[in-house]
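Novice: A single structure is presented below for examination.
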């Protein structure tokens, strides 16, 4: 990304949800490769990614806690699995 005020390229880290959304898009296009099979992920797997994404967005809204890479820990896991059950 270009910082207009300085004219320098600034590298920004993607948010958790922007990264996850990009991951899902790559999976749906067939460019995301499964590490186990070394082939494109299949439709049912991609559907599971989308379902997980939607659950995480809803959890974020209900818990009023912004989800990003740095907050994913055991506490988050515990709260999220309690939300799912």
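Novice: What is the extension gain from residue 84 to residue 18, computed as 0.36 nm multiplied by their sequence separation minus the C-alpha to C-alpha distance, in nm to one decimal? Kindly include the intermediate steps, with their values, before the conclusion.
Specialist: Numbers: separation 66, 0.36 × 66 = 23.76 nm, distance 2.21 nm.
Extra length available between residue 84 and residue 18 comes to 21.6 nm.
Novice: Quick one: work out Rg over Rh on the C-alpha atoms of the chain, Rh as Kirkwood radius. Don't jump to the answer; show the numbers that get you there.
Specialist: On the way: Rg = 16.2 Å, Rh = 15.1 Å.
That ratio is 1.07, to two decimals.
Novice: Which ordering of 13, 26 is given by a fewest-first count of other beta-carbon atoms within 10 Å?
Specialist: Lowest count first: 13, 26.
Novice: Same structure, new question: Going by how many other Cβ atoms sit within 10 Å of their own, how do 76, 69 line up, fewest first?
Specialist: 69, 76
Bear in mind that the values in this text are calculations on the coordinates, not laboratory data. What you are looking at is a predicted structure, and each value in this text was computed from that prediction instead of being measured. Cβ coordinates were reconstructed from backbone atoms using ideal geometry, including for glycine residues, and neighbour counts include every protein chain displayed.
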